[in-house]
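The values are calculated or read from the model by the stated rules, or taken from the named source; none is laboratory data. Everything numeric here is computed off the predicted structure, so don't read it as measured data. Cβ: placed from backbone, ideal geometry, glycine included. Neighbour counts: every protein chain shown. Surface areas here come from the heavy atoms of the whole protein model, side chains and all, with no ligands, DNA or RNA. Shrake-Rupley method; radii C 1.70, N 1.55, O 1.52, S 1.80 Å.
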Amino acid sequence: MGGELLRGRVITEHWLARQLRPYGVRPKTIWMGEGTAKGYVLEEMLDAFRRYVPRSEVDALRVQTKAEAEAREEMGEEDV
């Protein structure tokens, strides 16, 4: 989808911000250790997700994310 929207160009921070702004989602300054960065806070995106993303897609993403987290945990245990 991203490639179709941008005709093959790279997605940039500016492009992403413009896409999310109509949904009330704006980047925030986030503390990371001693420094800061601009980024998005998941909790602030949840309302937009609930309004605009079909429940079936949210459930599928949840399953995928859980499987990826479990795979990472398994890989970490193997390294020990």
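What's the total number of residues in region 61-80 that are open to solvent by 60 Å² or more (accessible area, probe 1.4 Å) and aliphatic (A, V, I, L, M)?
The total comes to 4.
Considering only region 32-56, how many residues are modelled with pLDDT of 90 or more, exposed (fewer than 10 other Cβ atoms within 10 Å of the Cβ) and assigned to a strand (DSSP E or B)?
Qualifying residue count, region 32-56: 1.
Is it fair to say residue 78 is acidic (Asp, Glu) and at pLDDT 85 or above?
no
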